[in-house]
Amino acid sequence: MKILDSQGRLFGKISVLDVGAVLIIFMVLLGIFVFPGTNKNSVAQVGNIVTKPVEVDAIALGLKGRNPENLLKEGEKTQLIIRNQPYGEVDLKSVKFLTRKVAVPQPDGTVKALPDPREKELFSRNVLLTLEGQGRVTNDGPVLGNIKVKIGMTIELEGRDYNFNASVIDVRVRE
C-alpha cells in the first residue's frame, strides 16, 4: 500500500489538503493561547486589568431645544459614544448651563459682558458637563472602552430625548 496515492490522499483515506488545514488551525490556536506575546491587551491577560473612576469635563456649545434644563440632570445616567464606538452608561456628575454673553461698550469707554438679548439665541444654550465612568489607565492616559480619551476630542451623548456632541476640555483619574 502506498503512503500517497494519485489523488493526494494519505493511505488512500485522508486528503493532504485536509491535514494541512488542520495543522494550520492548530498552530494558530497554539500561538494565540500559549504564546500571547508581550502586548498588554492580549487574550491571555484580559482578566488582570485594573479600572479606576475617570472624570471627563466636556462642553456642548449651541445645545438646541426649548428647555434643555429638563433633559440633563445631575445624578442621572447617559449613554457615551466615543469615535462612533458605544462606551456604555456614564454618570452625569455635574451639569452647569452657561449664559451666553456679549460684550457691550459703555458710555465711559469700558466694556461689560451682558446676557445675549438676541431672539435667535433664546433656544440655544451652552452646557458644561462632568461625566464619570470606569476606565483603565495606561502610559498614554485614561482609556474608556477601547479608546483613549484626550482633551480636544469630540464625544457624543445620547439619552431618551437627546443626542448631541460635546468637546472634551479636561480628563481626570480619581484614585
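Which of the residues belonging to the range 97-110 are surrounded by 10 or more Cβ atoms within 10 Å (Cβ to Cβ) and over 23 Å from Leu72 (Cα atoms)? Correct list: Val102, Val104. Restricting attention to the range 130-146, the residues that are surrounded by fewer than 16 Cβ atoms within 10 Å (Cβ to Cβ), at pLDDT below 90 and not hydroxyl-bearing (Ser, Thr, Tyr) total 5. Filtering Gly62, Gly135, Gly145 for residues that are among the small types (Gly, Ala, Ser), touching a Pro at 6+ places or on another chain (Cβ under 6 Å), assigned by TED's automatic domain parsing to the domain that holds Ile169 and touching a residue at least 24 places away in the same chain (Cβ under 8 Å) leaves a single hit, Gly135. Could we say that Arg125 is over 15 Å from the mean Cα position of the chain (by Cα) and farther than 30 Å from Lys52 by Cα here? Taking the combined requirement at face value, the residue satisfies it.
Kindly indicate whether Ile81 is within 14 Å of Ala58 (Cβ to Cβ) and touching a Phe, Trp or Tyr at 6+ places or on another chain (Cβ under 9 Å). Judged against the criteria, Ile81 is a match.
Within the range 160-175, the set of residues being assigned to a loop (DSSP other than H, G, I, E, B) and surrounded by 14 or more Cβ atoms within 10 Å (Cβ to Cβ) comprises just one member, Tyr162.
Residues in the range 60-83 that are within 16 Å of the chain's Cα centre (by Cα) and assigned to a strand (DSSP E or B): Lys77, Thr78, Gln79, Leu80, Ile81, Ile82. Using the structure shown, decide if Leu157 is surrounded by 14 or more Cβ atoms within 10 Å (Cβ to Cβ), under 13 Å from the mean Cα position of the chain (by Cα) and either part of a strand (DSSP E or B) or free of Cβ contacts under 8 Å to residues at least 40 places away in the same chain (or both). Yes: the conditions hold for Leu157. Residue pairs whose Cβ atoms lie under 8 Å apart, separated by 6 or more positions or on different chains, with the first residue in the range 84-95 and closer than 19 Å to Thr154 by Cβ and part of a strand (DSSP E or B) and the second at pLDDT below 90 and of a type in the set (S, T, N, Q), are Gln85/Asn146.
The values are calculated or read from the model by the stated rules, or taken from the named source; none is laboratory data. What you are looking at is a predicted structure, and each value in this text was computed from that prediction instead of being measured. We place every Cβ from the backbone using ideal geometry, glycine too, and count neighbours over all the protein chains shown.
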